[in-house]
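> My questions will all concern the structure given below.
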Amino acid sequence: MRMRRKPNLIPRLERCAQVLENSPEALRGSWLDVYGGFAEVHLELGCGKGRFTCDMAEANPRMLFAAVEKVPDALVVAMERACARGLTNVRFLAKDAADLAEYFAPGEVSRIYINFPDPWPKKRQFKRRLTAPSFQKLCWDALKPGGEIWFKTDNAPLFEWSLEQYGLCGWTLREVSRDWRDKVMTDYEAKFREQGVKINRLVAVKDGEFVERKAEEEE
């Protein structure tokens, strides 16, 4: 569903410019050096309106949260939320997750959150899923050894497919749940919970070597 365009979008973005990282390429390999005082970099792919990002950042002040969101009408709400709370450990990237390697050096990230991504349900669309092997490789490279992906979705077919793909690509899987309940939620998750929709969740740990898979094996 297309998001309704926000009024006065540009002025609103400009008012929150202090939490927007315009040139993340320049920070590649030096996030914790430039933003001193933080223990780890945590990354969210597709942060939407930022409820989860801001709640996690507020609960974990020693972690630096980088949140990627390419839809401006969602991004502006996330930025306004961070500014309203006075959060100093959040930076937003108005970028595409497909270019992740341009913003983070190998091993620079400790944890990646993927919350309720577009399921891209058609078979020919599988490469666009954020849990597809090609995206997994981007995450694997960005994560330090022992780093984790925390993945949540309400879409059961996507979850089962992703669970299989993570296993085939060499991740160690834990905390696999098909009825996950969490205190820190996205806006979508809160709505789903009110409707009684079950949430699927897993943690994939970078452990060992990544198993490259060819496209024809993914179809």
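The values are calculated or read from the model by the stated rules, or taken from the named source; none is laboratory data. This one's a predicted model, so the numbers in the text were calculated from it and none came from an experiment. Positions of Cβ are generated from backbone atoms using ideal geometry, with glycine treated the same way; all protein chains shown enter the neighbour counts. We work out accessible area using only protein heavy atoms, side chains counted, and drop any ligands, DNA or RNA first. Shrake-Rupley method; radii C 1.70, N 1.55, O 1.52, S 1.80 Å.
> Thr131 passes all but one of (1) modelled with pLDDT of 95 or more; (2) assigned to a helix (DSSP H, G or I); (3) among the polar types (S, T, N, Q); which number fails?
Failing condition for Thr131: (2).
> Also: So for the stretch 68-87 (the condition being in contact with a Pro (Cβ under 7 Å, 6 or more places away or on another chain), closer than 24 Å to Val203 by Cβ and modelled with pLDDT of 95 or more), does at least one residue qualify?
Looking through the stretch 68-87, none of the residues is in contact with a Pro (Cβ under 7 Å, 6 or more places away or on another chain), closer than 24 Å to Val203 by Cβ and modelled with pLDDT of 95 or more.
> If you take the residues of the stretch 111-157 that are closer than 22 Å to Asp207 by Cβ, of a type outside the set (Phe, Trp, Tyr) and open to solvent by 40 Å² or more (accessible area, probe 1.4 Å), which of them is nearest to the chain's Cα centre (by Cα)?
Looking at the filtered set, the residue picked out is Arg111.
> Of the residues that sit in the stretch 158-185 and are basic (Lys, Arg) and at pLDDT 95 or above, which one is surrounded by the fewest Cβ atoms within 10 Å (Cβ to Cβ)?
Filtering first and then ranking leaves Arg174.
> If you don't mind, there's one more thing I want to ask. Of all residues in the stretch 28-65, which are in a loop (DSSP other than H, G, I, E, B) and among the polar types (S, T, N, Q)?
If the condition is that a residue be in a loop (DSSP other than H, G, I, E, B) and among the polar types (S, T, N, Q), then Ser30, Asn60 are the ones that fit.
> Scan the stretch 45-66 and report the pairs whose first residue is under 16 Å from Ala97 (Cβ atoms) and whose second residue is part of a helix (DSSP H, G or I) and open to solvent by 10 Å² or more (accessible area, probe 1.4 Å), with Cβ atoms within less than 6 Å and a gap of 6+ or a chain change.
Filtered contacts from the stretch 45-66: Leu45/Ala97; Gly50/Arg81.
> Further question on the same structure: Name the one entry in Glu25, Glu44 that is touching a helix residue (DSSP H, G or I) at 6+ places or on another chain (Cβ under 9 Å), modelled with pLDDT of 95 or more, open to solvent by 70 Å² or more (accessible area, probe 1.4 Å) and not aromatic (Phe, Trp, Tyr).
Exactly one of Glu25, Glu44 is touching a helix residue (DSSP H, G or I) at 6+ places or on another chain (Cβ under 9 Å), modelled with pLDDT of 95 or more, open to solvent by 70 Å² or more (accessible area, probe 1.4 Å) and not aromatic (Phe, Trp, Tyr), namely Glu25.
> Within the stretch 67-95, how many residues turn out to be in contact (Cβ under 8 Å) with a residue 40 or more places away in the chain and over 15 Å from Tyr113 (Cβ atoms)?
14
> When the residues of the stretch 186-207 are filtered to those that are open to solvent by 50 Å² or more (accessible area, probe 1.4 Å) and assigned to a helix (DSSP H, G or I), which remaining residue is farthest from Phe135 (Cα to Cα)?
Going through the qualifying residues, I end up with Glu194.
> Okay, next question. Could you count how many residues in the stretch 11-69 are under 25 Å from Asp187 (Cβ atoms) and either among the small types (Gly, Ala, Ser) or in contact with a His (Cβ under 6 Å, 6 or more places away or on another chain) (or both)?
Residues meeting the conditions: 10.
> Quick one: in the stretch 160-185, which of the residues that are among the charged types (D, E, K, R) and in a strand (DSSP E or B) is nearest to Gly146 (Cα to Cα)?
Arg174
> Right, next: Out of all the residues in the stretch 5-13, is one or more in contact (Cβ under 8 Å) with a residue 60 or more places away in the chain, open to solvent by less than 20 Å² (accessible area, probe 1.4 Å) and among the hydrophobic types (A, V, I, L, M, F, W, C)?
Yes: the stretch 5-13 contains one or more residues that are in contact (Cβ under 8 Å) with a residue 60 or more places away in the chain, open to solvent by less than 20 Å² (accessible area, probe 1.4 Å) and among the hydrophobic types (A, V, I, L, M, F, W, C).
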